[in-house]
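FYI, it's all coordinate maths here, none of it is from the lab. Here the structure is a predicted model, which means the values were calculated and not measured. Quick reminder, even Gly has a Cβ in these numbers, built from the backbone with ideal geometry, and neighbours come from all protein chains shown.
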Amino acid sequence: MKKNIFLMVLRRFLLVLFTMVVLLVTGLCMILAMVFRGPSEAARDVLTMSLTEASATKWVPGLFLGDELVAQIRTKVSAELPDDVTDTTKITIQKDSVVSFDDEWRDYPDGIRIESVSGDTYNAYVMIIRDPSRVYMATSSDNFSKSVPGTRINKQIETEGAAAAINAGAFFDNGTASPEVGSVPCGLVFAGGRCVWDDGTTYNGFAGFNGDDILVVAKSMTKSQAEELGIRDGCCFGPVLIMNGVVNEEAYNSNSGYNPRTCIGQREDGAVIFLCVDGRQAGSLGATYADIIDILVENNAVNACNLDGGSSTIMLYRDTYGRYGEAGTVQMINNYSLLQQEPRKMPTFYMVRPADEG
């Protein structure tokens, strides 16, 4: 008798739970349909970009709009810039003897300075690296393969013994929990002066350093072009945000959505800018392209490119002088999504060598 009562209560509970889930899903679909198919193209575009930039939800807009329209919305942020590639003559790298006693670096003997920036919808972290020769592309493997998982950035920075790190380029991600996710890059990757990956995937941006330690950004890049330009370390993503001091107005004025973001840039004096923006959190929804361009301009970026963002966005720093915690330990500077317990596995990372190895 008691068993029958228990089973009856359990069935009713499951029925109520199922009904609630169906109602919630139905209500969410109705809300999404209203935005996607409503009169406001701006609202539609913001929602589309916000969802497509997240691996777990990138398939949702296609259900309501179709893949062709989603592709049209995404191409609105393509780099409509007057030049196709960085003019390297606009960068004059300062030597240590010139900047060693500069006020900017007086309190940062390791040549790395970090500042936080807040906006209406985001919290961001800007890392400036004085010597661009210290910045390089670290990879999870010498021979990329889907059978070889990527690594987590907090593990890779210890393997490298690096002073700082951010996530870098695009990688395979089918939106599942497959161990193949994060194993191989997408597009073109150079590391240590050689091409380590080229699957032919095209992106609307490339960022890489040449042999003179100048950050070259381009709307697109092929292996042969990269070799001709002398690229030593670089990867694909995009869009290009600033080129030769000119802001990408298409990206700036687009409805790009609010998301965690990672960017790389360079000032006229050669100092490198790492930028990470928190997102998908109660206190930091995320940033638009316009937001990150504003931050980059305020930090005097001459060239800059958007890198992989979303749940990949992360910034680490080996706390040489104990500014953020125990001296000598690696500190996480930004805060990733509340849905994550640890950094994602990835194949590529921009890292900074210790000052004595620059």
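For the stretch 166-227, the Stokes-Einstein estimate of translational diffusion at 4 °C and a viscosity of 1.567 mPa s comes to 102 µm²/s, using the Kirkwood hydrodynamic radius over alpha-carbon pairs. Spread over its residues, the convex hull of the C-alpha atoms of the stretch 211-358 is 140 Å³ per residue. Couplings for the stretch 318-330, taken from phi via the Karplus curve 6.51 cos²θ - 1.76 cosθ + 1.60 with θ = phi - 60°, read 7, 6, 3, 10, x, 6, 10, x, 5, 4, x, 9, 7 Hz in order; Gly and Pro are left as x. Could you state, as a whole-number percent, how many of the C-alpha pairs of the stretch 219-268 are farther apart than 18 Å? For the stretch 219-268, the fraction of Cα-Cα distances above 18 Å is 45 percent. With the Cα gyration tensor of the stretch 250-313 giving a ≥ b ≥ c as the square roots of its eigenvalues, does the rule (a/c under 1.5 for rounded; else a/b larger than b/c for prolate; else oblate) give rounded, prolate or oblate? Verdict is prolate for the stretch 250-313. Peptides 132-142, 305-315 ranked from most to least packed, by the mean per-residue count of other Cβ atoms within 10 Å: 305-315, 132-142.
Legend: distances between Cα atoms for LYS223/LYS345; LYS155/LYS219; LYS90/LYS345; pairs beyond 30 Å are LYS155/LYS219; LYS90/LYS345. In this structure the amide hydrogen of VAL117, modeled in the peptide plane, comes within under 5 Å of the amide hydrogens of ALA124, TYR125, VAL126, none closer than 5 places in sequence on its chain.
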